[in-house]
Each structure stands twice: as C-alpha cells, then as structure tokens.
1. Of the numbered conditions (1) under 20 Å from the mean Cα position of the chain (by Cα); (2) under 21 Å from Asp71 (Cβ atoms), Thr406 fails exactly one; give the number of that condition.
2. Only residues that are outside any helix (DSSP H, G or I) and either under 21 Å from Asn216 (Cβ atoms) or of a type in the set (Ser, Thr, Tyr) (or both): list them for segment 101-133, please.
3. Among the residues of segment 199-218, which ones are in contact (Cβ under 8 Å) with a residue 60 or more places away in the chain and buried (at least 22 other Cβ atoms within 10 Å of the Cβ)?
4. Take Leu394 and tell me if it is assigned to a loop (DSSP other than H, G, I, E, B), aliphatic (A, V, I, L, M) and either outside the structural domain of Leu445 (by TED's automatic domain parsing) or over 18 Å from Asp412 (Cα atoms) (or both).
5. The conditions are (1) more than 20 Å from the chain's Cα centre (by Cα); (2) buried (at least 23 other Cβ atoms within 10 Å of the Cβ); (3) acidic (Asp, Glu); (4) in a loop (DSSP other than H, G, I, E, B), and Asp265 fails exactly one of them. Which is it?
6. Please go through segment 223-236 and pick out each residue that is surrounded by 15 or more Cβ atoms within 10 Å (Cβ to Cβ), out of contact with any Pro (no Cβ under 7 Å at 6 or more places or on another chain) and either in a helix (DSSP H, G or I) or aliphatic (A, V, I, L, M) (or both).
7. Name the helices (runs of 4 or more DSSP H) wholly inside segment 268-385 in which the number of residues that are within 29 Å of Thr522 (Cα to Cα), within 14 Å of the chain's Cα centre (by Cα) and not hydroxyl-bearing (Ser, Thr, Tyr) is 3 or more.
8. Taking the condition out of contact with any Ser or Thr (no Cβ under 7 Å at 6 or more places or on another chain), assigned by TED's automatic domain parsing to the domain that holds Pro279, outside any loop (DSSP other than H, G, I, E, B) and of a type in the set (A, V, I, L, M, F, W, C), does Ala212 pass?
Amino acid sequence: MNLGNLLVTSGLVAVAMLAAPVSPARAAAAHDVTLAPASMPRIGAVSPRYQSYNVEMLEVTGGRFWKPYKDIAKPSAKTAGGAGSGAGDTPAGMSADLYQYRPPINLANPRLRALAAALGPAYVRISGTWANTTYFADTDTPPKEPPPGYGGVLTRKQWLGAIAFSNAVDAPIVTSMPIGVGTRGPDGVWRPDEAHRWLAFTEAHGGKIAAAEYFNEPTMAVMGGAPKGYTAADFGRDFKIFEAFMRKDYPAVKLLAPGSVGEADAKWAVASGGYGDQPLLHAADLAAYTGGADAFSYHHYGAASERCAAMGHQTTAAQALSEDWLGRTDQTLAFYRRVRDKYMPGKPFWLTETADAACGGNPWGGTFLDTFRYLDQLGRLARQDVFVVFHNTLASSDYGLLDENTFEPKPDYWAALLWRKLMGTTVLDSGVPIAEGHHVYAQCLRGVPGGVAILAINNSRTEPTELDLPIASQRYTLSAAKLEDANVQLNGHVLALGANNALPALDGKPTKAGHVSLAPATISFFAVEHAKNPACH
C-alpha cells in the first residue's frame, strides 16, 4: 500500500554540522539527551531475520502490478496474450487502470542476488493479493490462461527460480495459500489439494517454507479472491481445514494468522469503511478462529498512495517526518495487540507486509524522505514484541528497496544494510522517550559481545539535537542534499555500487566521548564497541 504529495522544504544538510563543536548556549537551546549505553536494560529480542522483505507472487509470475506514476493517466497498455496479461488478475473492486502488465522478475539477476544476500539472513515473503488466486502448473507446458476460478499461472520454471533465489540469498520462504473460487468444492469449502501439490513440489525440489498464512489480507476477502458473501465464519471453517492439513503434512512450517490489514482506532486507517462496496472482515472476528497459529500476523500501511486517491486515506510528503506519521505504526500495533491478547495471548507478532503507503508506494517512497519512516518503524516495533518485519517490496514499484528496472539501491536499501551491519537481536531500552528531534533506539551491537548499537533519528527539519554519549563510538550518519533525493550520503559521501555490483565500505567515523550533534533531518547510528553492557554478552 502507498502515500502522497509534494515536499515544502528542501531540508538542506550541511555536512560540517555533523561534527561541529557545540557552544553552551546552542546546547541549551537544542534537545539535549544523555545516553547510558553501559547500563541500558534488555527489554526484548527479535529474530535474526527481523529485517525481511516481500517479493510479490505477481512479480514471480508476471502480470498486472501497480502502474508507474508517469503512465498513470495513460490508457492501460495492450500486452501480449498469456496468463496475467488481461484484466482477470485485477483485484475485485479496483480500477484496472491502476495496473500495468510487467514480465516476471529475473530472480537470477546477479545484482539482485548480491544485494539481497547482503541483507541476509532474512525471510522472503512470496505472497500478496495475487497469490490468493494463483494456479501452480506442474507441467512441461503450462496453460496459456489460468483454469476457471484462478487469476494467474505460476509455472514450474518460475517457482524453481524462486526456490533457487531463496536458497542463494539465505532467505527461507514465507507464503500464503491459493484460496480463490478454483480451490473450492461445490459447497464453497476450501480444499487443500492445490496447496498440497505446490508445497509438495517445493519440498521435493529443495525449497524451504519457513512460515505460511492461510489467506493474504482476509480483511478484504472478496477483493482478495474469496467467493462473494464470504464471512468471518467461512474463514474460520477454512482456517481449521488449513491448520489440520499443515500440521499433518508440513509440521515444520510455522502458521501465521490472521494476516489482517489496515485497521486502527484512527480516521487514517486504510481499511476503515472497506473498499467501495467490498465488505470488511474485522481482525477480531477472524482471530477468534486462529488461536492454534504460531504467531499473530498483520499488515500496516499508514496511508493509501496517490494511485488510490479515490479510496481516500491520503498523506503528503510534508507530513513524512511528523510525529503523527511516524507514530501510526504504533497505533496499528496497539489495535492488533488487543486482538492478539484476547484470542492469541502470548503469541509473537509478525508484521508480514508494510511500506510507506498502500497501492505501490508514493512518488517519494524511493527517496531519503521515506528512510526516516523505514528505520523508525524498525526501531519502534523491535521494542514491542514484533519478531519479524517484512518490507514491501524488495524490488518492485515505488516502495521497493531497489529500483524495479535497474536493481540500483534506493536510500531505504542503504539504511537496511546499516541496520543489518550494526543492530543485533537483543533489544535495549535507550531511556529516551520518543519526541521530535530525538527518536533513539538501542540494541546489542551485532557480533560484538558487550557492544551497543544506537540509532538516533533527528526528524526535525530545522533544529539540531544534542546527544551526550559518554563512551567513544563509531558514527554512521545518513543525510541527503534534499530530502526527496534518490541518493543518500554516509558521513558526507554518496553511497553507490562499484564495479561488478560491489558494495562500498560502510565505514564509521571515530567519535570521541561527549557531546555529539545531530543535524536537522539526519539519521545516525553509533557503534559503541566498548560499552560493556552485561545484557549484550
């Protein structure tokens, strides 16, 4: 899902400010925060694969995905015949003109694999709305059109490519089942036959399915391919069939549920009111049937993108650093926590899909402006029992970590790489309440016993923030000449791939103990190797 408008201030950053001396008067005027990395207490833990990503099933098969903004006013392009090229893979209730055909993603691309592997270990979630109605063709010659009741065809070659990608980049697969009309008997009840053929093929060819949801986003059940009139009770009946089938035939696969999207106690919640005349199934009604699952899964989008302006629930680039915008992920989690606590108490949270906005992301989703949301969300959720977070997507549409045409890294990818380099699995309490200018998160430093990694985000567009860090550290500051730049700088140097897709050295800047200044609209990591924090041994 996606976001919305134009930025009103450029947010120019003077690199010299990053290490400039701070006068007493200026320090008093700025937000002054004292940190104690040696004594920050442990408050939780996340998966070693906490930072994960989605590759939509439609990317694997090819088909009609979100149309680029430059083409959005043009008529839908006519494409060659074949599975996914017509309007049959447009979700119910959505305008076909929001989508444009694209060929299958090349998961064997050396750059794509190299950049994905650098984020490992991770999970790759191959799912999405289109997975609900995808038919697996285990034949030498796949059908040109999907069978009745399906919207797309996944060929044997395509799925073998997905398995090979997963294994090559250390990212076991998380997925969901085909649940559309084609999977059901005359009585409308879901049958596991199609799922079993597909999962058995996966297992026989070396694929690793780590976890599975029954249904991608059952909140919008009919839009997702369920029969008309599908109810929460129907979901409950079918989930019990799915659960029994998986426990018997694939007991090692974790079951995630309910996979709901877009609910919160706020007017901005993108699912409020449903989509047009499509009924909304509420998470509380769905979760009443999913207590046997291993984890509570949900999706979060703080807005719908400009593509889906007709749906409402918009935001603007001017709001992208605001406390309201950054705090929306907390509101969604708080809503689902109440549901979890009632129906699935004690189960960990898996956020199986999130990005800057629904419907493919906003035009600025691939710029430095969104990096504040990306890292702030990871920091917030790690402190609140969220075990894994899946960014949507790795390399498709405006919200991808990589450019969908060239696979060049976007700013969020460089942020993800720094998170992977520095943030361990033990979560610490930074002792700093979240407020504008100082969003400060801490986890044990990856691979360094006793070390602490601190993420400090100054989301103020105009004011510097001062930190008192009493131990020497290595500093990694991300900035950009303009907030809506597609390039990002690390300690003043633009990050870019080298020859043969080589990643640049992500070197920190030695920083003495004492006051450090965070320039407006910058993000800094501090690696405190000698913190000697007992929680990090």
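The values are calculated or read from the model by the stated rules, or taken from the named source; none is laboratory data. Values in this document were obtained by computation on a predicted structure and should not be read as measured data. Reconstructed Cβ throughout: ideal geometry from the backbone, glycine too, with neighbour counts over all protein chains shown.
1. Only one criterion in (1) under 20 Å from the mean Cα position of the chain (by Cα); (2) under 21 Å from Asp71 (Cβ atoms) is unmet by Thr406, namely (1).
2. Applying the first criterion (outside any helix (DSSP H, G or I)) to segment 101-133 yields 101-109, 119-128.
Tyr101, Arg102, Pro104, Ile105, Leu107, Ala122, Tyr123, Val124, Arg125, Ile126, Ser127, Gly128, listed by residue number.
3. Taking segment 199-218 as the starting set, the residues that turn out to be in contact (Cβ under 8 Å) with a residue 60 or more places away in the chain are 201, 210-211, 213, 215-218.
If the condition is that a residue be in contact (Cβ under 8 Å) with a residue 60 or more places away in the chain and buried (at least 22 other Cβ atoms within 10 Å of the Cβ), then Ala211, Glu213, Phe215, Asn216, Glu217, Pro218 are the ones that fit.
4. On the way: assigned to a loop (DSSP other than H, G, I, E, B): yes; aliphatic (A, V, I, L, M): yes; either outside the structural domain of Leu445 (by TED's automatic domain parsing) or over 18 Å from Asp412 (Cα atoms) (or both): yes.
Taking the combined requirement at face value, the residue satisfies it.
5. Here Asp265 clears every test but (2).
6. Answer for segment 223-236, where residues must be surrounded by 15 or more Cβ atoms within 10 Å (Cβ to Cβ), out of contact with any Pro (no Cβ under 7 Å at 6 or more places or on another chain) and either in a helix (DSSP H, G or I) or aliphatic (A, V, I, L, M) (or both): Ala226, Ala232, Asp234, Gly236.
7. Working: elements: 283-287, 323-343, 371-382.
The helices (runs of 4 or more DSSP H) meeting that bar are 371-382.
8. Values: out of contact with any Ser or Thr (no Cβ under 7 Å at 6 or more places or on another chain): no; assigned by TED's automatic domain parsing to the domain that holds Pro279: yes; outside any loop (DSSP other than H, G, I, E, B): yes; of a type in the set (A, V, I, L, M, F, W, C): yes.
Considered against the rule, which asks whether it is out of contact with any Ser or Thr (no Cβ under 7 Å at 6 or more places or on another chain), assigned by TED's automatic domain parsing to the domain that holds Pro279, outside any loop (DSSP other than H, G, I, E, B) and of a type in the set (A, V, I, L, M, F, W, C), Ala212 comes out as no.
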